[in-house]
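Q: Structure provided below as structure tokens; questions to follow.
The values are calculated or read from the model by the stated rules, or taken from the named source; none is laboratory data. Everything quoted here is computed from the prediction, not taken from an experiment. Every residue, glycine among them, receives a Cβ derived from its backbone with ideal geometry; neighbour counts consider all protein chains shown. For accessibility, only protein heavy atoms count, side chains too; no ligands or nucleic acids. Shrake-Rupley method; radii C 1.70, N 1.55, O 1.52, S 1.80 Å.
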Amino acid sequence: MTDDEVAVGIGRARAEQGVPLEVMLRTFRLGGRVVWEGLLRAARRTGASSETIGPAATVLWTVVDGMSSSLSTAYRQMELDQLRRAERRRHAVFEDLLAGRADDAAFLQRVAGELDLPVGGRYLVIVAALSGQRSPTGRAQMVLDAHRIRSIWHERADTVVGVVPLPETSSFSSLASDAGAALGGRAAAAQVDGGLAAVALGYQLATLTLSTVSGNASGLVSIDERVPESLLVRSPELCRRLIDTWLGPVLALPVKEAKPLLDTLTAWLEADRSASVAAERLFCHRNTVLNRLHRVAVLTGRSLDGRRAFVELSLALSALGLPEPPAS
């Protein structure tokens with residue numbers, strides 16, 4: 001075995017044991033010094049000349065330098081290998097966590113140790129869309145670090161997932177707003193109780209919420225802000241039927257005729273079905289609002305009165321604003 005092979009073996013072994021590289025290099029230097037001092041003592045006993053000692057010193061320190069270099073390279077390579085293995089292990093653990101292995105108590109303890117997360121408590125789960133640019137998680141992590149809150153981020157194919165344990169004193173709305181601003185793009189969040197066991201549910205809810213946000217939008221929305229839209233996006237067939245039933249005849253009109261009717265419906269519903277308040281918001285006369293509502297009722301053949309009409313029409317307008325589902 002060559003000196004380099006010996007140094008490589010030592011370097012990899014000590015890296016696995018966690019011995020600092022500086023300690024190993026110092027050991028090699030001390031070893032070289034011990035050998036050099038031994039050579040000097042032997043030279044004095046034998047009366048060797050400086051011409052004899054000089055080449056020996058050159059060979060000795062060349063060997064020490066070469067072995068130190070081989071050891072350093074092997075040590076750093078082993079460190080890199082360990083980091084890669086740890087990252088792969090963390091990636092696998094995170095994927096299993098999102099997949100919902102909540103019924104395995106031993107697994108949850110492993111996750112807690114591997115990711116340095118508490119088993120219990122509240123969690124904020126964030127899912128952000130990747131737009132092809134550099135992952136924005138660094139900025140979001142800095143924001144949460146400023147709140148002294150730990151966060152773990154995990155990049156997937158087209159999204160990045162953040163898992164944030166929430167201290168009892170932390171404000172969900174404040175954290176979500178700050179993290180959303182740092183992410184910059186389209187993102188959604190869900191707060192869940194139940195500790196790590198509930199993270200998979202939070203991920204599902206946040207992912208569902210993200211699917212209700214159009215691709216050109218930005219900022220972070222919460223599942224609690226998008227419950228109707230999230231319910232609709234889970235059933236595209238019923239969503240389409242709701243639109244066709246309540247808005248189909250209106251949408252069949254030319255855009256310049258359909259848009260005022262849709263705007264009036266929206267303003268009227270947002271004003272708790274007050275024609276006067278809707279007229280103020282639309283900068284038109286109250287009778288104009290009433291006439292438009294009457295036309296919608298005639299076109300659809302449906303009464304706009306009553307709780308059922310209010311609920312279904314509101315859902316239909318919400319469905320109209322949802323992004324188109326991806327082609328299967």
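Q: What is the residue count in the stretch 68-111 for residues that are in a loop (DSSP other than H, G, I, E, B) and either surrounded by 14 or more Cβ atoms within 10 Å (Cβ to Cβ) or among the β-branched types (V, I, T) (or both)?
A: Qualifying residue count for the region: 3.
Q: Please go through the stretch 209-219 and pick out each residue that is open to solvent by 30 Å² or more (accessible area, probe 1.4 Å) and touching a residue at least 12 places away in the same chain (Cβ under 8 Å).
A: Within the stretch 209-219, S211, S214, G215, A217, S218 meet the criteria.
Q: In the stretch 220-234, is there at least one residue being buried (at least 16 other Cβ atoms within 10 Å of the Cβ), at pLDDT 85 or above and closer than 22 Å to A112 by Cβ?
A: For the stretch 220-234, residues buried (at least 16 other Cβ atoms within 10 Å of the Cβ), at pLDDT 85 or above and closer than 22 Å to A112 by Cβ: absent.
Q: Does any residue in the stretch 9-34 that is over 16 Å from L60 (Cβ atoms) come within less than 8 Å, Cβ to Cβ, of a residue that is surrounded by 14 or more Cβ atoms within 10 Å (Cβ to Cβ) and among the β-branched types (V, I, T) six or more places away or on a different chain, and which pairs are these?
A: G11/T73; M24/I10
Q: Out of all the residues in the stretch 196-229, which are in a helix (DSSP H, G or I) and farther than 22 Å from H154 by Cβ?
A: We begin by selecting, within the stretch 196-229, every residue in a helix (DSSP H, G or I); these are 196-210, 223-225, 227-229.
Passing the criteria: D224, E225, V227, P228, E229.
Q: Within the stretch 119-137, identify whether any single residue is assigned to a helix (DSSP H, G or I) and either at pLDDT below 80 or in contact with a Lys or Arg (Cβ under 6 Å, 6 or more places away or on another chain) (or both), and answer yes or no.
A: Yes, the stretch 119-137 contains a residue that is assigned to a helix (DSSP H, G or I) and either at pLDDT below 80 or in contact with a Lys or Arg (Cβ under 6 Å, 6 or more places away or on another chain) (or both).
Q: Could you tell me whether the stretch 274-282 includes any residue that is open to solvent by 30 Å² or more (accessible area, probe 1.4 Å), more than 29 Å from E225 (Cα to Cα), hydrophobic (A, V, I, L, M, F, W, C) and out of contact with any Ser or Thr (no Cβ under 8 Å at 6 or more places or on another chain)?
A: Among the residues of the stretch 274-282, not one is open to solvent by 30 Å² or more (accessible area, probe 1.4 Å), more than 29 Å from E225 (Cα to Cα), hydrophobic (A, V, I, L, M, F, W, C) and out of contact with any Ser or Thr (no Cβ under 8 Å at 6 or more places or on another chain), which makes the answer no.
Q: Exactly one condition in (1) modelled with pLDDT of 75 or more; (2) among the hydroxyl-bearing types (S, T, Y); (3) over 36 Å from the mean Cα position of the chain (by Cα) is false for T73; which is it?
A: All conditions are met except number (3).
Q: Also: From T46, T52, T27, which residue is at pLDDT 75 or above, over 30 Å from D81 (Cβ atoms) and of a type outside the set (G, A, S)?
A: Details: T52 fails: at pLDDT 75 or above; T27 fails: over 30 Å from D81 (Cβ atoms).
Checking each option against the conditions leaves just T46.
Q: Which pairs have Cβ atoms under 6 Å, sit 6 or more apart or on different chains, and link a residue in the stretch 73-100 that is closer than 30 Å to E22 by Cβ to one that is open to solvent by 70 Å² or more (accessible area, probe 1.4 Å)?
A: From the stretch 73-100, the pairs are A74/R12; M78/R12.
Q: Here's something else I'd like to know. Only one residue in F28, F94 is under 26 Å from the mean Cα position of the chain (by Cα) and of a type in the set (F, W, Y). Which one?
A: Answer to the check: F94.
Q: When P55 is evaluated against the numbered criteria (1) buried (at least 16 other Cβ atoms within 10 Å of the Cβ); (2) of a type outside the set (F, W, Y); (3) over 30 Å from V125 (Cβ atoms), which criterion, by number, is the only one it fails?
A: If we test P55 against (1) buried (at least 16 other Cβ atoms within 10 Å of the Cβ); (2) of a type outside the set (F, W, Y); (3) over 30 Å from V125 (Cβ atoms), just (1) comes out false.
Q: I would also like to ask the following. For the structure I just gave you, tell me whether L40 is free of Cβ contacts under 8 Å to residues at least 60 places away in the same chain, open to solvent by 40 Å² or more (accessible area, probe 1.4 Å) and in a helix (DSSP H, G or I).
A: yes
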